[in-house]
1. Residue separation times 0.36 nm, minus the C-alpha to C-alpha distance between LEU102 and ASP141: what's the value?
2. Below 8 Å, C-alpha to C-alpha, sequence gap of six or more: please give me the relative contact order for the chain in percent.
3. Could you please state how large a percent of the accessible area of the range 206-339 is carbon and sulfur, counting protein chains only and using a 1.4 Å probe?
4. For the chain, give the share of DSSP beta bridges that are antiparallel, in percent and rounded to the nearest 5; count only bridges with both residues there.
5. For the range 272-360, compute the orientation-averaged projected area of the C-alpha convex hull (one quarter of its surface), in nm².
6. Please work out how much accessible surface ILE32 shows to a 1.4 Å probe, ignoring ligands, DNA and RNA, in Å² rounded to 10.
7. Principal axis extents for the chain, Cα atoms only, whole Å, descending order, please.
8. Could you state the principal axis extents of the C-alpha atoms in the range 287-446, from the largest down, to the nearest angstrom?
Amino acid sequence: MLLELKRDSHVPLYTQIVTEVRRRISDGALKIGDRLPANRELAKTLGVNRNTVTNAYAELAADGVITSRVGSGTYITRVPAPAPASPAKEQSLPSPMPWESLLAVQGRDNWLQEMAGFETRREVIPLALALPSADLFPLDDFRRCVDRALRRQGRILLQLGTTSGYAPLQEYIAAQLALSGVKASPGEVLVTNGCQQSLDLIRQILVAPGEEVALENPTYPGALSVFCGASSKYISVPVGENGMDLNVLEDVLSQRRAKLIYVVPSFHNPTGVTMDVASRRRLIEIAGQYRVPIVEDDIYRELRYNGPEVPPLKALDEHGMVIYISSFSKVGFPGLRVGWIAAPQVVIDHLNRAKQRSDLHASLLAQAAIFEFARRGLLAKHIKRVKKAYAQRRDAMLEALEKHFPNDASWSRPAGGMSVWVRLPESINTSQLLVQAIESGVTFVSGEHFYSSSPQQNMMRLSFTMAGPQAIEQAVKQLGSMIKARLLKSRQQRSVKRVEGLRALV
Ligand code: PMP
């Protein structure tokens, strides 16, 4: 199949494949019933990553244009709706704007879409996204909170508000922070559209183009997209059993000027590890010595299933050097987009201005609704319920891994959070495995997405919050047998090579 891809275009390659397949169907070059090449084959022909083809096929399948039949292949099943009619006299059209050459910044991959792509369609067991289970959302309770908020303050909530946030919510957040030992007045809390925006605002006010940011490697891809873009550089610090490797960090800071340190010290994404108290104190000490601010992303803190609480870095911080961020996305509803930053007043004032430039303020209705939900004790009730469910799901995943994964694989045993980080034998490439997994109805994230440098090909993140225990067991079993089959094949290939090598010697 001859598809024309423009590698210098900013249009993602998978979108180009979708457009090209649609065009060829409209041209009549491809007809209903025609078989498309297998992902691997097309990827090879086009010289692209297999995930790119998988994404393109997923999009075409979601529109019903193609259908994959297990063991048989992928077929054209529908003629796509025609593109809007082109004007009669194409020649007389002015030449299109050269947008690609005008774009100032080329971001990293569209990671969120890549990860989300498969889970929003058809029957898959979703182990990819670290998201709350929508099945557990208490919709009626939340609807009543929206209703009450609107009835009480509708005219205020639908009017433009102030940037810093809905005051009762700021007060609630400050009071909650105090419970975990973090001292911040309501005025030192800025309500944002979630941690993702918090990271971007922090970058805007603290990191000038070309300055360096120290990050755990691997880390949350959304942080990579903020800190590893065109405008800042990064210093990758490995993550061990106890979080960020502080010896490496110390070494790095003694030689390079980092502008900030970004860490996820509790239930780190993707590894699931939590930094102990002694290491937290040491991290603060090191950062204090070099006067580098720490951004503490504590989004998973409340999702602890066992083990003792560990205080946030910000609760241990006597220098006022920690900028603390969190949100309601993991414990509540990510679609609300409500999060916060707690930081010294001078930092909050600058963040406030940056937020004002960006979007004036977070939705007042969303803030008031989640405040009402929290105020009535419904958030605490909800957290209790989801923690119970997630702990069961985590246990189901750990048990299934023990039962079905090969002996030479290893994985984290997180005391909280949403995911398990798995290391497979080196001969297994998890992005190749993912293609096969999706075909058989299981998704996960291949590890490479989480690395700022030296990506490991044999790592995978399995999230356990979105599927029930039985589905998790089934998915892990399927993955386990795929992995074992691949291992067997690669061992056989190796032993054939060894025999050939021996013959050559004789
Ligand atoms: N930080 C971490 C460590 C995350 O895992 C995520 C979401 N997966 C975010 C931030 C983004 O969260 P929010 O929805 O609050 O923007």
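1. 9.2 nm
2. 18
3. Values: 2240 of 4690 Å².
Carbon and sulfur: 48 percent of the exposed surface of the range 206-339.
4. Details: 26 of 45 bridges.
Taking every DSSP beta bridge with both residues in the chain, the antiparallel ones total about 60 percent.
5. Its Cα hull, projected and averaged over all orientations, spans 7.0 nm².
6. We get 110 Å² for ILE32.
7. Here the Cα extents, ordered largest to smallest, are 72, 69, 49 Å.
8. Principal extents (Cα only, largest first): 52, 44, 35 Å.
The values are calculated or read from the model by the stated rules, or taken from the named source; none is laboratory data. Every value quoted in this text rests on a predicted model; they were computed, and no experiment measured them. Reconstructed Cβ throughout: ideal geometry from the backbone, glycine too, with neighbour counts over all protein chains shown. These accessible areas exclude ligands, DNA and RNA; they are computed on the full protein's heavy atoms, side chains included. Shrake-Rupley method; radii C 1.70, N 1.55, O 1.52, S 1.80 Å.
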